[in-house]
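Read the figures in this text as sums done on the coordinates, not as results from a lab. The structure presented is a predicted model; accordingly, all values stated were derived computationally and were not measured. Don't worry about glycine lacking a Cβ; one is built from the backbone with ideal geometry, like all the others, and counts go over all protein chains shown.
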Amino acid sequence: MNPGFGSEVSQRLPTPIPPSAGEHCESGVRLAGLGGGENVATDPDLLVVQACQQNPGRGLEGPFRDLYELYKDRVYNVCFRITGNPTDALDASQETFGILFRKLPGFRFESRFSSWMYRIAVNASIDLKRRSQSRLTRSLERIQELPGSTHRNRFEPADVLSEAPPQAASRHELEHEVQRAIMALSPKLRAITVLRYVENLSYEQISETLGISMGTVKSRLARAHEMLDLVLTPVLDRHYLR
């Protein structure tokens, strides 16, 4: 967890903007929960969410501070596992809380609040990663076009993922290998892997968070398992079968 995360979010959260019904984020997934819902009585975050809704416009003061403290680590963790680096994770976390800050007055418990929050974090992370990759690709193309440039080979994301890791058999190295394997997954498989194995969400919660069927949850996890097994089996053998 980045030690400066809390203070930076506190300084950079935007002023509340009235939510507009049906607003989409860049990833194209509608933010569920902005209509009427049936989860009010059973949502464990009911009281703190309602307190925030009854006290809008106070920034990180009062009940919104309580909500922020409750979710800041979980949001950052999801963002880090999907974006793959602390800087992008911080930006995606700040974007997540900014969206939450604007849209919370319109939240009506069509889904559990935690599912809605995770969906915002996943979308913000995927969108940021896509924008970052697009900017990097354009920048490298411009460098390749410069007169006298020796960088004539087009950059591909796989080039980063194929770099050889340190050979020391340490816990840090193993975590690094696992994160590299997660980053090699497609955004959809990466998101579902993080929600299941990092955040320990149930299949039902993942289905609600991502807006997909239980069958799709299971099939995506099965594909993620196959890809991770292929990459991580030799890594685990190297670490534990010496």
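Please go through the stretch 172-217 and write out the GluC sites (Glu not before Pro) that DSSP classes as loop and that have at most 10 other C-beta atoms within 10 Å.
For GluC sites (Glu not before Pro) across the stretch 172-217 that sit outside H, G, I, E and B with at most 10 neighbouring Cβ atoms in 10 Å, the list is empty.
In angstroms, what radius of gyration and Dmax does the stretch 166-242 have, counting Cα atoms only?
Over the stretch 166-242's Cα set, Rg and Dmax evaluate to 13.9, 43 Å.
How much length, in nm to one decimal, is gained on full extension between residue 230 and residue 198, taken as 0.36 nm per residue of separation minus their Cα-Cα distance?
9.6 nm
How high is the FRET efficiency between residue 238 and residue 130 when r is their beta carbon distance and R₀ equals 30 Å, given to the nearest 0.05?
0.35
Excluding residue 84 itself, what net charge comes from residues whose Cβ is under 12 Å from its Cβ, given Lys and Arg +1 and Asp and Glu -1?
Values: positive: 81, 129, 180, 190; negative: 88.
It works out to a net charge of +3.
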